[in-house]
1. Apply the Kirkwood formula to the stretch 146-203: the hydrodynamic radius equals the inverse of the mean of 1/r over all pairs of different alpha-carbon atoms; give it in Å with one decimal.
2. Given 20 °C and 1.002 mPa s, how large is the Stokes-Einstein diffusion coefficient of the stretch 102-227 in µm²/s, with Rh as the Kirkwood radius over Cα pairs?
3. Using 0.36 nm per residue of separation minus the Cα-Cα distance, give me the extension gain between E161 and T117 in nm, one decimal.
4. Mind giving me the nanometre distance, one decimal, between the label points for D196 and D177, set 7 Å out from Cα along Cα→Cβ?
5. Run the dipole for the stretch 83-222 about the Cα centre, Lys and Arg Cβ at +1, Asp and Glu Cβ at -1, nothing else charged, and hand back the magnitude in debye, nearest 20.
Amino acid sequence: MYISAAVKWTPEVEKHLRDLADQGALGTGGAELIGQIIGARAAGKTPADVAQKANLSLRTVRQLDSELGGQKAPHARPKFASVFISYGGPDEMFARKLYTALRDEGVEVFFFPESATPGQRLHRTMSDAVHNYDRILFICSRASLVRPGVLNELEQVLAREAREGGTELLMPVLIDDFVLREWSPERADLARQVRDRVAADFRSASSDVEFRKPLERVLGALSNETG
């Protein structure tokens, strides 16, 4: 659920928000932040845009929406789960193409060059994204899987899955054969955890037509629609 533009800034709502702020639930500047959030939503911004506007994590935005549940009109469930794209710098071109394709289909995507908040610490930015988005698209390649930052994100995803009772959050994305045949990380369980999952296979996606086929499978996996 997201904060609706239909939320009315009434004295009752403001009192509720100030109570939450007094309890420390909203961090500093509680009521003012809600004003920013409502304004951003009214302008048609995505939840990620709202979080950046108010300098809040996406999880906090959703928590605030829940707190205001009795003050807003019903909101439809998003068509797709939100995603964080994890990749190494050398794979940025592919990651950007995937980001653009998903965004154009209406998926809420965290892609570092477009989504990160300037001035925020890098470690916090990536950790928040790993923990706040519904699914993690983990780009597997020779270039990415040897980078410490990428391995750290993988470890955080696996730890989150364990905390959430085995929820499947990680979706491997293949762009070469390295993860299947050669990857031998110091933690052998990392390779097993990735290889034991059905991957989105983009290894043959050299044209737009070939790219579309695995993209459709990804969209199907992200879909919140049933029946």
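1. Values: mean 1/r = 0.0829 Å⁻¹.
The Cα-based Kirkwood calculation yields 12.1 Å.
2. On the way: Rh = 15.7 Å.
The estimated diffusion coefficient comes to 136 µm²/s.
3. Values: separation 44, 0.36 × 44 = 15.84 nm, distance 2.56 nm.
Between E161 and T117, full extension yields 13.3 nm more.
4. 2.5 nm
5. On the way: 19 positive and 23 negative charges, 36 e Å.
The dipole magnitude comes to about 180 debye.
Each reported figure results from applying straightforward, stated rules to the coordinates on display, with no laboratory input. In this text, all values refer to a predicted model and were calculated from it rather than measured experimentally. In this analysis, Cβ positions are derived from the backbone assuming ideal geometry, glycine residues included, and neighbour counts consider all displayed protein chains.
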